[in-house]
Amino acid sequence: MKRRAVLLCAAIALCAPLSALADAPIIIKFSHVVANDTPKGKAAMYFKKLAEERTHGRVKVEVYPNSQLYKDKEEMEALQLGAVQMLAPSLAKFGPLGVKEFEAFDLPYLFNSYDDVARVMQGKVGAKLLDKLGGKGIKGLAYWENGFKNFSANKPIHTPADLKGAKIRIQSSKVLDEEMRALGALPQVMAFSEVYQALQTGVVDGTELEPSNLFTSKSYEVQKHLTLTGHGFLGYAVIANKKFWEGLPADIRATLEGAMTDSTIYANQIAKQESDKALAAIKASGKTTIYTPTPAEREAFRKVLLPVHAKMQDRIGRDLIQEIYKETGFKPAK
């Protein structure tokens with residue numbers, strides 16, 4: 001209750017009528033939970049640059065990375081209350097909010113390439129999902145790509161059996177929970193900002209992260225082994241407080257929408273490049289052994305994980321899953 005009261009007071013202060021601010025710039029607090037030098041961090045700073053330049057100082061974007069303002073579980077409530085105006089949460093965070101269809105993006109081995117991801121995110125399916133956020137007081141603005149997730153631990157991971165009994169950090173997603181249980185692992189829901197210490201102290205045994213977040217969080221320093229399973233994709237939805245966004249002067253809103261379009265192009269252009277750079281840096285550090293599964297080993301992971309699709313149909317929606325299959329050419333497990 002105390003935390004909610006603090007958020008509410010911040011929201012009241014930040015949502016004062018724009019007319020009362022006279023010639024003061026419109027402040028947009030953009031909060032996220034990863035480092036500035038990740039694809040999301042760089043894209044947020046690029047949006048700040050474009051927004052401020054194109055509005056000639058009428059808008060000021062304050063970017064707060066690394067959970068400086070709010071952790072994973074807090075940031076969505078902060079946005080809904082107006083304590084911050086923009087976020088770029090991972091897609092897994094919308095399930096706990098009540099828009100469980102977003103958990104489709106967590107399905108294992110759903111995407112084979114960044115092109116597959118783009119066809120879904122930038123197409124009709126992606127637009128339809130963003131529209132569902134309106135009822136939660138949220139305006140969906142865009143999708144930003146990141147990278148494909150891999151398993152890490154302090155022991156080699158060559159087969160699904162190697163993860164049996166391991167405590168693996170996940171985001172709060174029913175799909176991710178089911179994935180870990182299919183592998184015999186023990187899912188541990190945890191804020192991203194807490195992952196490094198949890199790995200360091202043995203609270204969790206491993207992660208499923210894509211290279212840029214594994215590297216910039218320094219989590220690779222406390223993980224001896226990384227296996228390039230590529231079993232899932234991590235992406236983000238850029239969102240705004242709906243009341244704030246729709247209350248902006250029409251010309252300002254149009255300018256910001258243009259800045260977001262260009263920032264999205266930038267974000268998605270650098271996603272794979274940044275992921276590859278991070279993987280190379282992890283390898284160069286000598287702290288983590290990187291293993292590429294053989295085709296047979298990769299197929300063993302797929303065989304264990306693909307049944308999760310059928311188990312999650314009732315939660316996510318069979319029709320939605322079939323729409324995504326059609327876009328990507330995915331062949332479900334028989």
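The values are calculated or read from the model by the stated rules, or taken from the named source; none is laboratory data. Computed from a prediction, not measured in an experiment: that's the story for all the values here. Cβ sites come from the backbone with ideal geometry, for glycine too, and all protein chains shown count toward neighbours.
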Requested in this report: Quickly run through region 166-190 and pick out the residues that are farther than 17 Å from S67 by Cβ, of a type in the set (K, R) and in contact with a strand residue (DSSP E or B) (Cβ under 9 Å, 6 or more places away or on another chain).
Outcome: K167, R181
Query - Hey, T292 at pLDDT 95 or above, closer than 25 Å to P160 by Cβ and not small (G, A, S) or not - result: yes
Query raised in the report: So which helices (runs of 4 or more DSSP H) are wholly in region 58-139 and hold at least 1 residues that are in contact with a strand residue (DSSP E or B) (Cβ under 6 Å, 6 or more places away or on another chain) and over 22 Å from H309 (Cα atoms)?
Result: 72-81
Report summary line: The number of residues in region 118-136 that are basic (K, R) and under 29 Å from G82 (Cβ atoms) is 3
Requested in this report: Could you tell me whether region 32-47 includes any residue that is in contact with a helix residue (DSSP H, G or I) (Cβ under 7 Å, 6 or more places away or on another chain), surrounded by fewer than 17 Cβ atoms within 10 Å (Cβ to Cβ), farther than 16 Å from N241 by Cα and not aromatic (F, W, Y)?
Outcome: yes
Query raised in the report: Does region 20-69 hold any residues that are of a type in the set (D, E) and touching a residue at least 40 places away in the same chain (Cβ under 8 Å), and which are they?
Result: D37
Query raised in the report: On the given criteria, is L226 out of contact with any Pro (no Cβ under 9 Å at 6 or more places or on another chain) and crowded, with 17+ Cβ neighbours inside 10 Å?
Result: no
Query raised in the report: Out of all the residues in region 177-196, which are farther than 15 Å from K73 by Cβ and of a type in the set (A, V, I, L, M)?
Result: M180, A182, L183, A185, L186
Requested in this report: Could you please find all residues in region 174-191 being touching a Leu at 6+ places or on another chain (Cβ under 9 Å) and touching a residue at least 60 places away in the same chain (Cβ under 8 Å)?
Outcome: V175, E179, A182, L183
**Report entry** Whichever residue in region 80-122 is more than 23 Å from G147 (Cβ to Cβ) and touching a Phe, Trp or Tyr at 6+ places or on another chain (Cβ under 9 Å) and, among such residues, is surrounded by the most Cβ atoms within 10 Å (Cβ to Cβ)
**Finding:** V84
Report summary line: Counted residues in region 191-206 being touching a strand residue (DSSP E or B) at 6+ places or on another chain (Cβ under 9 Å) and either basic (K, R) or surrounded by 18 or more Cβ atoms within 10 Å (Cβ to Cβ) (or both) come to 7
Query raised in the report: Can you pull out the helices (runs of 4 or more DSSP H) entirely within region 152-258 that have at least 3 residues that are under 22 Å from K277 (Cα atoms)?
Result: 211-216
**Report entry** Residue match in region 235-245 (condition: without any contact (Cβ under 8 Å) to a residue 60 or more places away in the chain and within 30 Å of I138 (Cα to Cα))
**Finding:** no
